[in-house]
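Just below is one structure, and these are the notes that go with it.
The values are calculated or read from the model by the stated rules, or taken from the named source; none is laboratory data. This one's a predicted model, so the numbers in the text were calculated from it and none came from an experiment. Glycine also receives a Cβ, built like all others from the backbone with ideal geometry; neighbour counts cover every protein chain displayed. Each accessible area value is taken on the protein alone, full model and side chains, heavy atoms only, with ligands, DNA and RNA left out. Shrake-Rupley method; radii C 1.70, N 1.55, O 1.52, S 1.80 Å.
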Amino acid sequence: MRKDRLVITLLCVTLLSADLYFVLLPEIKARLIGAGCLCEEKQEAVPTGLNFTLDDGYKKGTQGPSSAVLPKLSKLRLLFAHPLYQPKATKRLKVRDFLLKRDEALHSFSKKMARCNRLKNKPAAGNQTSTNAAIKVTTNAAIKVNSLPSWLKFQLGINRYGLYSQPDSRVDQLIKDLGTLSVIQADFTQDEKALNGYCDCSKVVKPSGVHLKLALRFSDCGKAMFKPMRQTREEETPENFFYFTDFQRHNAEIAAFHLDRILDFRRVPPVAGRSINVTKEIREVATNEELESVFFISPAKNVCFFARCPYTCKSEYAVCGNPHLLEGSLSAYLPSLKLAPRVAIPNPWIRSYTFAGKMDWETNPFYCSEVKKNPIYNTGKRLLNIIDMAVFDFLIGNKDRHHFEVFTNFGDDGFLIHLDNARGFGKHSEDDITILAPLIQCCMIKNSTLLKLQLLSLPDYKLSDVMRESLLQDLLVPVITEPHLLALDRRLVRILKAVQDCIKTFGEKNVIADDSLKNSSSFSIRTMNV
């Protein structure tokens with residue numbers, strides 16, 4: 001009887017296992033797939049006709065929920081693996097194509113590291129300490145490339161085609177470091193120091209752009225500019241606000257970097273979101289007595305700080321932690337002006353920064369012809385780069401592009417650096433077509449830019465989808481709200497419509513500028529939907 005019971009038990013277990021494996025498990029998988037689960041049995045198909053190769057070294061992000069949320073075969077990886085994102089030119093970089101002279105940069109790094117090490121009187125807490133923080137060098141020959149901190153690798157990689165290559169694991173590591181490394185020093189930025197607490201209240205435009213941002217130094221001796229949260233993600237710019245009095249949004253800086261990377265412009269320095277402890281990571285490591293003096297405890301027992309200018313003009317207001325933690329963006333510093341001189345140039349399509357009055361471009365539809373009288377805009381890439389910048393600003397809704405900066409080492413055709421994007425993503429419900437004035441008035445656009453815009457309008461590479469996925473890598477998920485993501489698709493259509501109108505008026509050859517993107521020969525405007 002005992003043997004019979006054993007046989008019957010084994011038979012029942014076998015039948016139950018078979019039922020689970022052949023009946024219940026397939027049913028569960030079918031329901032998960034029907035609900036949108038991207039399982040191995042239902043991966044997104046690779047479009048035919050593309051030379052598609054995945055770079056296993058490309059990092060999808062190790063912060064926040066990204067590693068668990070991102071599918072194995074994502075739209076973002078498909079985009080970056082597309083031939084349009086594999087230009088041959090950047091694969092043949094020569095020494096003269098890089099911004100920094102290597103020996104000079106490493107010598108400067110050696111001196112900076114010596115100064116930085118003196119600041120580190122106590123070890124960083126927890127496991128945030130980077131191995132790079134322990135680097136000690138005396139000669140350039142002693143420096144090994146692999147031992148360099150991520151911020152220096154980023155700076156050494158800047159070349160005439162962009163701030164970094166596509167894709168670039170050094171940038172991914174830098175973003176991770178910005179979000180995790182311990183802060184060892186906090187100070188005012190150089191422009192805040194130059195202001196020296198002075199505000200001219202007679203001016204309509206308060207110098208708010210130089211307020212409430214700090215320079216933080218990390219345990220690997222790298223520096224980043226910290227912009228604190230001033231407005232929640234759900235709030236739009238108030239209707240009665242002028243663009244020059246708008247809030248500076250930390251999440252706009254983060255989103256602008258990701259969009260710039262998706263567009264393959266690579267002109268925005270790497271930015272990461274982070275919650276900063278304003279007591280331990282700013283006040284207690286401040287080396288400036290004036291910075292220490294602007295901290296106070298609010299009635300709600302939160303730690304707050306403000307810029308020095310409010311004492312005079314009340315043009316800025318304090319930001320507060322909750323009670324100590326405060327969200328903010330951290331933008332990686334570019335090389336020093338001594339190593340890589342750059343110049344700020346007024347935007348020809350600058351707006352009027354007064355309550356009344358308009359600029360010439362706002363009243364003259366032929367303004368572009370006036371701009372072209374300047375030789376620097378009549379030849380070369382400068383004007384086309386400005387149109388790229390207008391496309392970027394229209395997508396993020398930024399009206400406050402009063403100037404741009406360029407590295408002097410790369411000459412007049414060097415790319416424009418897209419700095420200060422904190423006034424973007426203010427109104428998802430508004431598309432201000434005047435931001436596109438350079439494109440509409442000049443009726444010119446780079447072939448490479450147009451092809452990528454067209455690619456991002458296709459379902460397999462939809463701009464809002466790849467942007468949403470890219471932002472999952474940041475620690476401050478969600479970075480922007482869903483309406484802002486959907487606004488990107490809507491604005492992209494308007495850009496393509498503007499180009500189409502120009503082509504109808506002036507012809508394709510007169511509108512689309514060949515910027516010699518070697519891999520674009522098989523992707524023509526006629527074959528892609530506008």
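One table, with the values for the structure above:
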read-out: The listed residue being within 26 Å of Leu99 (Cβ to Cβ) and not hydrophobic (A, V, I, L, M, F, W, C), out of Asp431, Asp400, Asp360, Asp413; value: Asp413
read-out: Candidates Leu475, Leu453 - the one that is under 15 Å from the mean Cα position of the chain (by Cα) and at pLDDT 95 or above; value: Leu475
read-out: Residue identified as surrounded by 19 or more Cβ atoms within 10 Å (Cβ to Cβ) and among the hydrophobic types (A, V, I, L, M, F, W, C) among Ile376, Ile345, Ile386, Ile350; value: Ile386
read-out: Test for Lys497: is it open to solvent by 20 Å² or more (accessible area, probe 1.4 Å) and either under 25 Å from Pro83 (Cβ atoms) or modelled with pLDDT under 95 (or both); value: no
read-out: Pick from the stretch 257-278, criterion aliphatic (A, V, I, L, M) and closer than 16 Å to Leu456 by Cβ, ranking: surrounded by the most Cβ atoms within 10 Å (Cβ to Cβ); value: Leu259
read-out: Test: Ser369 is open to solvent by 50 Å² or more (accessible area, probe 1.4 Å), on the phi < 0 side of the Ramachandran plot and assigned to a loop (DSSP other than H, G, I, E, B); value: no
read-out: Filtered residues of the stretch 140-164 (kept if among the polar types (S, T, N, Q), open to solvent by less than 70 Å² (accessible area, probe 1.4 Å) and modelled with pLDDT under 90); value: Asn140, Ser147
read-out: Single residue of the stretch 390-418 satisfying the filter (open to solvent by less than 10 Å² (accessible area, probe 1.4 Å) and β-branched (Val, Ile, Thr)) that is farthest from Val499 (Cα to Cα); value: Val406
read-out: Residue within the stretch 213-223 that is acidic (Asp, Glu) and at pLDDT 85 or above present; value: yes
read-out: Scan of the stretch 474-494 for residues that are farther than 20 Å from Ile435 by Cβ and open to solvent by less than 40 Å² (accessible area, probe 1.4 Å), ordered by number; value: Asp474, Leu476, Val479, Thr481
read-out: Odd one out for Ser67, checked against (1) modelled with pLDDT of 80 or more; (2) loosely packed, with under 14 Cβ neighbours inside 10 Å; (3) in contact with a Gly (Cβ under 8 Å, 6 or more places away or on another chain); value: (1)
